[in-house]
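Worksheet: one structure, shown below.
The values are calculated or read from the model by the stated rules, or taken from the named source; none is laboratory data. As the structure is a prediction and not an experimental result, all values here were calculated from the model. Every residue, glycine among them, receives a Cβ derived from its backbone with ideal geometry; neighbour counts consider all protein chains shown.
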Amino acid sequence: MGTSAADGETLDAIGGHFRLFQLRDGHRFSTDDILTAWYGTSWCPSARTALDLGSGIGTVGMIVAWRLPGVRMVTVEAQAVSVTLARKSARYNGVEDRYELREGDFRDPGLLRQDEVFDLVTGSPPYFPTGTGVESGHPQKLACRFELRGDIRDYCAVASRHLAPGGWFACVFPHEPAQRERVETAAAAAGLVIVRRRPVVFREGDPPLVGLFGMMRRADLPDWMHGRTWVEPDLVIRDRAGAIHPEYSAVKLAIGFPP
């Protein structure tokens, strides 16, 4: 397998000296992916093992691997084309010895052993049930937005089963009340507590469209923390004039991506 972009591919900066292979007309990495990796590694900086669910082309996994040089990374992705791109990126970035890619639906019991646990679990679940919006004809783009293989409930359930004691699950999901309620319900059903939540505003003055959620298993927390969530200040991506907000510039610097 080569380490240069083939026809229809691009090779793009993702974090520090790390690069990411993407299809020119397929699913491209997003701000949501960047924020998920940043949030998870910021609140679980000592993780030695990490798992990324529904890992796509490897955006979250690669940033986690860059920010945590000692981490052993496992990613699970169902689409072969995305796994092929992610494998190519792992080779290019020289992390193959600590970056394991597994192809398949993360809900399938054979992909993750019952005894496998991770200090950090991350996920960027699709946001919408099928039939609730305009669906792309490109399989990569379709799967990243619509719930073809599980939803937030599945992400929370699998994360809870495979978190090490004291482990952290970080994900991104829409922040409007009905969608946020889906996260809260999914977390509770999986025995997780949303310890922290940070709304994300894409343009200053607008309401938050997505939120970052940090969860731990209820069994690992004292009783007084059950049902308590610290809501952090909004993270603003662009100011009113459309320029990158200073705080998001700091986020990008933290993942080795020039702002």
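Quickly run through segment 241-256 and pick out the residues that are among the aliphatic types (A, V, I, L, M), touching a residue at least 12 places away in the same chain (Cβ under 8 Å) and closer than 14 Å to residue 41 by Cβ.
Taking segment 241-256 and keeping what is among the aliphatic types (A, V, I, L, M), we get 241, 243-244, 250-251, 253-255.
Imposing the further condition that a residue be touching a residue at least 12 places away in the same chain (Cβ under 8 Å) reduces the set to 244, 251, 254-255.
Across segment 241-256, the qualifying residues are 251, 254, 255.
Right, residue 170: under 22 Å from residue 115 (Cα atoms), of a type in the set (A, V, I, L, M, F, W, C), surrounded by fewer than 16 Cβ atoms within 10 Å (Cβ to Cβ) and in contact with a strand residue (DSSP E or B) (Cβ under 9 Å, 6 or more places away or on another chain) or not?
On the way: under 22 Å from residue 115 (Cα atoms): yes; of a type in the set (A, V, I, L, M, F, W, C): yes; surrounded by fewer than 16 Cβ atoms within 10 Å (Cβ to Cβ): no; in contact with a strand residue (DSSP E or B) (Cβ under 9 Å, 6 or more places away or on another chain): yes.
No, not satisfied.
Checking the condition among the charged types (D, E, K, R), surrounded by fewer than 16 Cβ atoms within 10 Å (Cβ to Cβ), outside any loop (DSSP other than H, G, I, E, B) and modelled with pLDDT of 95 or more, which residue from 181, 204 passes? Break it down into steps so the answer makes sense when it comes.
Working: 204 fails: outside any loop (DSSP other than H, G, I, E, B).
After ruling out the rest, the residue left standing is 181.
Do the conditions hold for residue 51, that is, is it assigned to a strand (DSSP E or B) and more than 17 Å from the chain's Cα centre (by Cα)?
Values: assigned to a strand (DSSP E or B): yes; more than 17 Å from the chain's Cα centre (by Cα): no.
For residue 51, the condition - assigned to a strand (DSSP E or B) and more than 17 Å from the chain's Cα centre (by Cα) - is not met.
Could you check how many residues of segment 1-11 are in a strand (DSSP E or B) and either at pLDDT 95 or above or touching a helix residue (DSSP H, G or I) at 6+ places or on another chain (Cβ under 6 Å) (or both)?
Applying the first criterion (in a strand (DSSP E or B)) to segment 1-11 yields 9-11.
Checking the rest, the ones that are also either at pLDDT 95 or above or touching a helix residue (DSSP H, G or I) at 6+ places or on another chain (Cβ under 6 Å) (or both) come to 10-11.
Qualifying residue count, segment 1-11: 2.
Give the residue that is surrounded by the most Cβ atoms within 10 Å (Cβ to Cβ), with candidates limited to residues of segment 87-111 that are under 18 Å from the mean Cα position of the chain (by Cα) and in contact (Cβ under 8 Å) with a residue 40 or more places away in the chain. Break it down stepwise before answering.
Going residue by residue through segment 87-111, those that are under 18 Å from the mean Cα position of the chain (by Cα) are 87, 89-90, 99-107.
After this cut, where a residue has to be in contact (Cβ under 8 Å) with a residue 40 or more places away in the chain as well, the list is 87, 89, 101, 105-107.
Working: 87: 18, 89: 27, 101: 21, 105: 15, 106: 24, 107: 17.
Per the criteria, the residue is 89.
Give the residue that is nearest to residue 4 (Cα to Cα), with candidates limited to residues of segment 23-41 that are in a helix (DSSP H, G or I) and charged (D, E, K, R). Give the derivation first.
Narrowing segment 23-41 to residues in a helix (DSSP H, G or I): 31-41.
Going one step further and asking which of them are charged (D, E, K, R), we end up with 32-33.
Working: 32: 26, 33: 23 Å.
In this case the residue turns out to be 33.
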